[in-house]
Amino acid sequence: MSSSSSTSRDQLQVTHVQSQEGVKVCDCVVLAKERTCWKITNPGRRFWNCQNSMTRLRKCSFFEWKDEEQTDGYYKNLLYSLKQKLDAKDEMSEMNNLRRRIVEVEFLLSQEQYKVAKSEKEVHDAMKAIGRYRMIVALLFACLALCCNSSLNME
């Protein structure tokens, strides 16, 4: 069984080899990786190279073809075009998943915006009520002051 991932920089598909049979060791004594070339010149052709060759380290330049080169241009072009279509289909599927996720996030955002608007209205209504209570308290103090003033004037 193998797992794979692709890199757009070199258009290579990395294949991690599970068995030790036929595994190559590169010049820096690291197990080489089996990879598949998807460039137009050698589509589908497998090769070995150092695990470090695709990193910034690039300490080792070990490279060895595993397959013989295909001589027929038709099959090379067919493989290359099929790989391009497969990549485009994968990208389209990923874009559709992202679009679906955007719709979900926008829905969640609208729910949160509704909650915020509702809370802001509650705060606004509470501030109005506090303003009314302040006015009532001020009127009560004014009435109390008038009552106290009038009772002092009567004495």
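Every read-out reported here was derived from the displayed coordinates using simple, explicitly stated rules and does not represent laboratory data. The structure displayed is predicted, hence computed values, not measured ones. Every residue, glycine as well, gets a Cβ built from its backbone with ideal geometry; the counts of neighbours run over all protein chains shown.
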### Task
Starting from the Cα gyration tensor of region 101-147, multiply each eigenvalue by 5, take the square root, and state the resulting semi-axes largest first in whole Å.
45, 4, 4
#### Entry: Shape parameters for region 25-155, alpha-carbon atoms, Rg then Dmax in Å
38.8, 124
### Query
If R0 is 30 Å, what FRET efficiency do you get for residue 122 and residue 151 from their C-beta distance, rounded to 0.05?
0.10
